[in-house]
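Comments concern the structure below.
The values are calculated or read from the model by the stated rules, or taken from the named source; none is laboratory data. All figures in this text were calculated on a predicted structure; none of them were measured in a lab. Positions of Cβ are backbone-derived with ideal geometry, glycine not excepted, and every protein chain shown enters the neighbour counts. Side chains are part of the model used for accessible areas, which takes the heavy atoms of the whole protein and leaves out ligands, DNA and RNA. Shrake-Rupley method; radii C 1.70, N 1.55, O 1.52, S 1.80 Å.
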Amino acid sequence: MAFDHNRRPRAVVIGAGVNGLAAAATLAARGVDVTVVERGRGPGGMMTGAGQGELGHFVWNLHPAALAELGLGAADLGLGAEVATVLLAADGRHVVIEGEAISFADGTPHPDAAAYRALRARLARFAAVLAPLATAAPPRLGSGMLNRAGLSDLAQLARTGLGLRRLPRDARREFLRVLLSNAADLVRDELPDGPLAASLVFDAILGGRAAPGAPGTVLALLWRHAGGGRRRPAGGMAALARRIAGAAEARGVTIRYDATAAGIEVEGDRVRGLRLGSGEVIAAEMVLSSLGAMPTLRLAGPAHFDAEACRRIRGLRCEGTTARLDLRLAEMPRIEGLDGRLAGARLLLAPSVAAIEAACRPVKYGAIPASPVAEVLIEPGDGGAEGPAHLSALVQHVPYAPECGWTEAAREALAAAVIGALGTHMPGLPGLVTESRLATPRDIETMTGAPGGHWHHAELAADQMLTLRPVNGMARYASSLPGLWFCGAGAHPGGDITGLPGRNAALAAAADLGQGVTR
Amino acid sequence: MSRSDHFDAIVAGGGHNGLTAACYMARAGMRVLVVEKNDWLGGAAVSRELHAGWTYSNCSYVCSLLRPEVVRDLDLPQHGLQVIPYTGGATFTRDGDYFAYHSDHRALEREIARLSPRDVEGYERFSIAVMRQCRFIRPLLLRTPPDPVAPRPRDVAELVYLLRRFHDLGPRETGEAMRFWTASVGDYLDGFIENPLIKAHLAGSGIIGTGLGVYSPGTAYVLLHHYMGDVDGAVGAWGFARGGMGAVSGALARAFRAAGGEVVTCSGVERILVENGRVTGVALANGDTYRAPVVASGMDVKRTFLGHVEAQHLPDDFLKAVRRFKIRGSSGKINIALDAMPRFPAAPEDASFLSGDLHVSESLAELERAYDDWSVGRWSAEPYVDMLIPSRIDPTMAPPGKHMMTVFVQYAPYDPERDGRRDPAHWDEAARTAFADAVLDRIERVSPGFRDLVLHAEVRTPVDLEREVGLTEGNIFQGELTFDQLLFNRPVPGYADYRTPVKGLYLVGSSAHPGGGVMAAPGANAAREILRDARRLDRTERAFRAA
Ligand SMILES: Cc1cc2nc3c(=O)[nH]c(=O)nc-3n(C[C@H](O)[C@H](O)[C@H](O)COP(=O)(O)OP(=O)(O)OC[C@H]3O[C@@H](n4cnc5c(N)ncnc54)[C@H](O)[C@@H]3O)c2cc1C
Ligand SMILES: Cc1cc2nc3c(=O)[nH]c(=O)nc-3n(C[C@H](O)[C@H](O)[C@H](O)COP(=O)(O)OP(=O)(O)OC[C@H]3O[C@@H](n4cnc5c(N)ncnc54)[C@H](O)[C@@H]3O)c2cc1C
């Protein structure tokens, strides 16, 4: 390629979410001159609603490989201890999971604890087999494997295969059986339906549209279980985002906020730079976009992609299903038997697998669920444990575009459904609410630009994973337009606060520049 | 024929797969006995006269999947099998519109253009993509799945064969194949076609017999399962077996008897006898015992091992895997004797597509709702119906001027919900009537006066299918066709090669690869493995090659 080798190669990264920042730091560490442009006021993307507060709750898989590129250690993140999970049960016998200990709220041991631990252990072992796949571009399959570039893929596959071979034979068979199966059956084969079973199934469906019985949900569950326990960053997601942004800047990355990417400059079928909303053009050899595939395509202009690629990108399923409800409360709510254990815990409002299944149905018809399931976090306000408190709920499955539209009534109906369901466990809750704010998937799209407001930028289902992510033919981060790369949650291995898509994409881009060695 | 009770092999269950395996073994010179609990053969591939003068294909009703290799090997045409293709089909909407499918390319193009000009090109792409997947999978149907976990030399060769096929596909097409195998039929169709009615027509094949909805991942594969057959070499085409689907079993039974095979009906296998980990024979419900070193079970994997083999002979892990095998019933059927040809006012009088598969549907959302009903234990209020009138093409099915209609219904639960409880016993007379009404009313809406033509109707719920055919929970495929139960995972990981933990006991029914449908592939594949173990392969190869 005809680059001027007397100056540093330049890259622009679109978006200062976790992946944009991880990508930027990875490139900067390899001598690339990187500018990040971010439309929002602050860093964090979906973690923070693009600097407007907070969308996410916990961190469980901020990956060491991405942190290494940022020059951060796990200790630098200000993450708290692993939080306890409290499962709210329909019959009031709530379950508390603290590490390996599983008991009812009153301290009596849970009869299914051993079966639950065994299943979790099995999932963790399987997740470990898949783990090597997450830290590199998805392997090329088919004839690509046999040329020279394919050798590293073979090596990666071999590592995965090796992980598989380390499992005992029966576990290997089980792995190949469950890989594409559904979470509901997997869990119910081992546990009776109830809050404990539901808590695992919830992990499989959080952020996506698939119902628990949909084949492929086990794969989603395994990605999730590749990380560790859930932790809450000190100061919330905004503080964590600032730490990550600071680390990127320390690597020499320039971050420009309130800077909206308006178009990708192309010349002679190659990316030449990025045009901002202000009209300013930043010249660069490469643009890495952490936006979804569709907004990225729009920035470049569909004319630079062939018809098949456009069709595939347009066909991506990316309507979000997660809403966030924030409530300011006059005081900490109470749940009998759980006093003192609510603050900061991960509360799951998902009493059974059947309840999750029921909560998944209305979204298919653009309806608002009457009994949604949710992950809830309650934190005391500045006034201490007795003072005002803040409750937030990540609510599933909420339609992106309800049949009735997101009218005020529709918004109120959803908030009321969540408050009502929580109220059965926290008497008096409705009376404590002093302020309520709802972010629907559509609002989240407006806030962050994520297509459909989708947690993963595009549904993380088997037909949109690995070599099919974001779409078949562009799964190794390089788009079909030379110099344009996908580096966000829409690329492999998908969303959650991991930093992996960004880090993997930047490694691929750097290798393309021939900068992979100048560390 | 001698009545001695010693055989070289006993086939437990005279379904079409059991009969297929029996034929291959008999042709290889083994002395084979087929034991069938009913007083007729064929299992879910039968023709029965349940109303005087009418022949019902009372389970399976159309033919396409039957492997041409088996038809040839076993000389089924000489034994009376004739398959008559039909060339069209249609989906009617409530408001009087319809989409007609034609196997004639030009006619189909015109029809698609009538509804949605933009979909002509999309359909073209769709059919090319599906045909490509068909071409990929068809050769796998008559091969024993390799064991990827503990491969023996034969498995290694088979794995290499598979890898080579992927390699030949190239990366892009490998990706497309992966997408196809994991996508839902709804999402897949959304990528090609815009018109909701055309989509609804095409999506039906993705849910037939399946406890999944049009938007459940994996249903694109089920669609493939219905496209990968052929009639006279026309891939994807379907036809009627002349005389009903019993003609398939009938031809197999004649071929079997011609090769010297023996049959016992009217008494089922009570117990598969095992000594020291080896099968020794079967004990029948009527008290008779037959001995053989080989027993081939044509029953599904659950019925075989949970019903007829004592648990002490089976490893715990295996039993556990059999117990969790998913075999949910989701289909019902109504077979109807009609006084005259029903009218479909939307269609041109005497349109040829009326001789094919007819449906009542509006959209994928409606099909998804039908699935949602089932998943909470109700039959679909607006069910998907696949109805055919074989008597239009095959006059043997009904008296002159009268007609026979077969209506396949998706979805119907095995254990309907009532008062928060699910129980097969909830299929009482009232429930059956209400179920039939839901179906007949739906047909009446696109065919006014239909109900007045009904002379007799046989209503079949999943419970009936279980009771009569032995299909556990009434699952028509002897086990769901999801990826965790396909290829090397079917029916139990590690036992996909038709063998079981009991030496000499084989699975030859649709619970084994490649699964359900009147395909005869599991039976043929299993026979090959049995004969290999019996060291009669050279003779089998001759049997397989027999013209
Ligand atoms: C409600 C909700 C709760 C969640 N909770 C959790 C959680 O608790 N734990 C967890 O691990 N994951 C959670 N997630 C998922 C996780 O936040 C995301 O998967 C992840 O943050 C995606 O990061 P990203 O960098 O790929 O993309 P984003 O975070 O979406 O970053 C994209 C950035 O690009 C910017 N941008 C958009 N358009 C332009 C433009 N034209 N020009 C310039 N900049 C632009 C946006 O402002 C944004 O900052 C949650 C998601 C949602 C929706
Ligand atoms: C309603 C319905 C509609 C269908 N429609 C079609 C269609 O149109 N086209 C198509 O290709 N496929 C169709 N199928 C699927 C197809 O018919 C079946 O998958 C296939 O016939 C199964 O054949 P099999 O030989 O494997 O098993 P089965 O047919 O189930 O045979 C098992 C046999 O074992 C016998 N048996 C059970 N227990 C005992 C015992 N204890 N002792 C002795 N014998 C016993 C049974 O009576 C039966 O004869 C349909 C199935 C159903 C139920």
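Within the set of pairs 6+ apart or on separate chains, which have a first residue in segment A:432-450 that is under 18 Å from residue A:407 (Cβ atoms), a second that is modelled with pLDDT under 95 and buried (at least 20 other Cβ atoms within 10 Å of the Cβ), and C-beta atoms under 6 Å apart?
That search, which allows pairs on different chains as well, returns nothing.
Of all residues in segment B:306-351, which are within 14 Å of chain A (Cβ to nearest Cβ) and closer than 25 Å to residue B:206 by Cα?
Matches in segment B:306-351: B:324, B:325, B:326, B:327, B:328, B:330.
Which of the residues that make up segment A:149-196 are assigned to a helix (DSSP H, G or I), away from chain B (no Cβ under 12 Å) and either in contact with a Phe, Trp or Tyr (Cβ under 8 Å, 6 or more places away or on another chain) or modelled with pLDDT under 90 (or both)?
Passing the criteria: A:151, A:152, A:155, A:156, A:158, A:159, A:160, A:162, A:163, A:166, A:196.
Tell me whether segment A:253-271 contains one or more residues that are crowded, with 24+ Cβ neighbours inside 10 Å and out of contact with any Gly (no Cβ under 9 Å at 6 or more places or on another chain).
yes
Is it the case that segment A:199-219 has a residue that's open to solvent by 30 Å² or more (accessible area, probe 1.4 Å), more than 9 Å from every other protein chain (Cβ to nearest Cβ) and either touching a His at 6+ places or on another chain (Cβ under 6 Å) or not charged (D, E, K, R) (or both)?
Within segment A:199-219, none of the residues are open to solvent by 30 Å² or more (accessible area, probe 1.4 Å), more than 9 Å from every other protein chain (Cβ to nearest Cβ) and either touching a His at 6+ places or on another chain (Cβ under 6 Å) or not charged (D, E, K, R) (or both).
If the requirement is being away from chain B (no Cβ under 11 Å), of a type in the set (A, V, I, L, M, F, W, C), farther than 30 Å from residue A:271 by Cβ and within 21 Å of the chain's Cα centre (by Cα), which of these qualifies: A:323, A:370?
None of the other options fit; the residue is A:323.
Out of segment A:469-502, which residues are outside any loop (DSSP other than H, G, I, E, B) and surrounded by 24 or more Cβ atoms within 10 Å (Cβ to Cβ)?
Result: A:484, A:485, A:486, A:500, A:501, A:502.
Any residue at all in segment A:406-426 that's touching a strand residue (DSSP E or B) at 6+ places or on another chain (Cβ under 9 Å), open to solvent by less than 50 Å² (accessible area, probe 1.4 Å) and in a strand (DSSP E or B)?
Looking for residues that are touching a strand residue (DSSP E or B) at 6+ places or on another chain (Cβ under 9 Å), open to solvent by less than 50 Å² (accessible area, probe 1.4 Å) and in a strand (DSSP E or B), one finds none in segment A:406-426, hence no.
Say whether the condition of being under 28 Å from the mean Cα position of the chain (by Cα), surrounded by 13 or more Cβ atoms within 10 Å (Cβ to Cβ) and within 14 Å of chain B (Cβ to nearest Cβ) is met by at least one residue in segment A:377-399.
Yes: one or more hits.
Return only the number of the condition from (1) under 22 Å from residue A:20 (Cβ atoms); (2) in contact (Cβ under 8 Å) with a residue 60 or more places away in the chain; (3) in contact with a Ser or Thr (Cβ under 9 Å, 6 or more places away or on another chain); (4) part of a loop (DSSP other than H, G, I, E, B) that residue A:241 does not satisfy.
It fails just one condition, (4).
Give all pairs with beta carbons closer than 9 Å in which a residue from segment A:259-270 that is within 14 Å of chain B (Cβ to nearest Cβ) meets a residue that is within 11 Å of ligand 1 (Cβ to nearest atom); count only pairs at least 6 apart in sequence or on separate chains.
none
Listed here are the residues, each with its yes/no results for (1) open to solvent by less than 20 Å² (accessible area, probe 1.4 Å); (2) under 27 Å from the mean Cα position of the chain (by Cα).
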site: B:248; (1), (2): yes, yes
site: B:251; (1), (2): yes, yes
site: B:270; (1), (2): no, yes
site: B:293; (1), (2): no, no
site: B:302; (1), (2): no, yes
site: B:312; (1), (2): no, no
site: B:315; (1), (2): no, no
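When residues of segment B:156-213 are filtered for being at the interface with chain A (Cβ under 9 Å from one of its Cβ atoms) and within 16 Å of ligand 2 (Cβ to nearest atom), how many remain?
So the answer is 1.
Considering only residues of segment B:380-397 that are β-branched (Val, Ile, Thr) and in a loop (DSSP other than H, G, I, E, B), which is farthest from the other protein chains (Cβ to nearest Cβ)?
If we filter segment B:380-397 for residues that are β-branched (Val, Ile, Thr), which is where we start, we get B:385, B:389, B:393, B:396.
Applying the additional criterion that residues be in a loop (DSSP other than H, G, I, E, B) yields B:389, B:393.
Details: B:389: 33, B:393: 37 Å.
Filtering first and then ranking leaves B:393.
Looking at residue A:461, is it more than 16 Å from ligand 2 (Cβ to nearest atom), more than 18 Å from residue A:47 (Cβ to Cβ), within 14 Å of chain B (Cβ to nearest Cβ) and not charged (D, E, K, R)?
So residue A:461 fits the description; yes.
Being without any contact (Cβ under 8 Å) to a residue 12 or more places away in the chain and within 14 Å of chain B (Cβ to nearest Cβ) is the filter here, so list the residues in segment A:288-307 that pass it.
Taking segment A:288-307 first, the residues without any contact (Cβ under 8 Å) to a residue 12 or more places away in the chain are A:298, A:302-303, A:307.
Across segment A:288-307, the qualifying residue is only A:307.
Only one residue in A:67, A:55, A:133 is in a helix (DSSP H, G or I) and within 16 Å of ligand 1 (Cβ to nearest atom), so which one is that?
None of the others qualify; the one that does is A:67.
Can you confirm whether residue A:501 is in contact (Cβ under 8 Å) with a residue 60 or more places away in the chain, within 14 Å of another protein chain (Cβ to nearest Cβ), within 16 Å of ligand 1 (Cβ to nearest atom) and not charged (D, E, K, R)?
So residue A:501 does not fit the description; no.
Return a yes/no flag: does segment B:56-66 have any residue that is away from ligand 2 (no atom under 16 Å from the Cβ) and either farther than 30 Å from residue B:340 by Cα or touching a strand residue (DSSP E or B) at 6+ places or on another chain (Cβ under 6 Å) (or both).
Filtering segment B:56-66 for residues away from ligand 2 (no atom under 16 Å from the Cβ) gives none.
No, that holds for no residue.
Give me the strands (runs of 3 or more DSSP E) completely within segment B:78-137, filtered to those with at least 1 residues that are of a type in the set (Gly, Ala, Ser), ordered by residue number.
Working: elements: B:83-85, B:88-92, B:98-102.
Correct list: B:88-92, B:98-102.
For segment A:364-381, does any single residue satisfy the condition of being in a helix (DSSP H, G or I), modelled with pLDDT of 95 or more and in contact with a helix residue (DSSP H, G or I) (Cβ under 9 Å, 6 or more places away or on another chain)?
Looking through segment A:364-381, at least one residue is in a helix (DSSP H, G or I), modelled with pLDDT of 95 or more and in contact with a helix residue (DSSP H, G or I) (Cβ under 9 Å, 6 or more places away or on another chain).
Within segment B:352-362, is there a residue that is more than 24 Å from the chain's Cα centre (by Cα), within 14 Å of another protein chain (Cβ to nearest Cβ) and outside any strand (DSSP E or B)?
Within segment B:352-362 (the criterion being more than 24 Å from the chain's Cα centre (by Cα), within 14 Å of another protein chain (Cβ to nearest Cβ) and outside any strand (DSSP E or B)), the answer is yes, since at least one residue qualifies.
What residue, of B:509, B:470, B:504, is on the phi > 0 side of the Ramachandran plot, surrounded by 19 or more Cβ atoms within 10 Å (Cβ to Cβ) and either within 16 Å of ligand 2 (Cβ to nearest atom) or without any contact (Cβ under 8 Å) to a residue 24 or more places away in the chain (or both)?
B:470
Please work out which residue is least open to solvent (accessible area, probe 1.4 Å), limiting yourself to segment A:324-360 and to residues that are small (Gly, Ala, Ser) and assigned to a helix (DSSP H, G or I). Spell out the reasoning first.
Taking segment A:324-360 and keeping what is small (Gly, Ala, Ser), we get A:330, A:337, A:340, A:343-345, A:350, A:352, A:354-355, A:358-359.
Then keep just the ones that are assigned to a helix (DSSP H, G or I); that gives A:354-355, A:358-359.
On the way: A:354: 50, A:355: 27, A:358: 50, A:359: 1 Å².
Across segment A:324-360, the extreme among qualifying residues is A:359.
So which of B:72, B:132, B:67, B:125 ends up being under 29 Å from the mean Cα position of the chain (by Cα), open to solvent by less than 30 Å² (accessible area, probe 1.4 Å) and not hydrophobic (A, V, I, L, M, F, W, C)?
None of the others qualify; the one that does is B:67.
Identify the single condition in (1) surrounded by fewer than 23 Cβ atoms within 10 Å (Cβ to Cβ); (2) closer than 26 Å to residue A:132 by Cα; (3) away from chain B (no Cβ under 14 Å) that residue A:239 does not satisfy, given that it satisfies every other one.
Going through (1) surrounded by fewer than 23 Cβ atoms within 10 Å (Cβ to Cβ); (2) closer than 26 Å to residue A:132 by Cα; (3) away from chain B (no Cβ under 14 Å) one by one, residue A:239 breaks only (2).
Here's a check for you: in segment B:363-379, which residue that is under 21 Å from the mean Cα position of the chain (by Cα) and closer than 20 Å to residue B:425 by Cα is farthest from the other protein chains (Cβ to nearest Cβ)?
Top of the filtered list is B:379.
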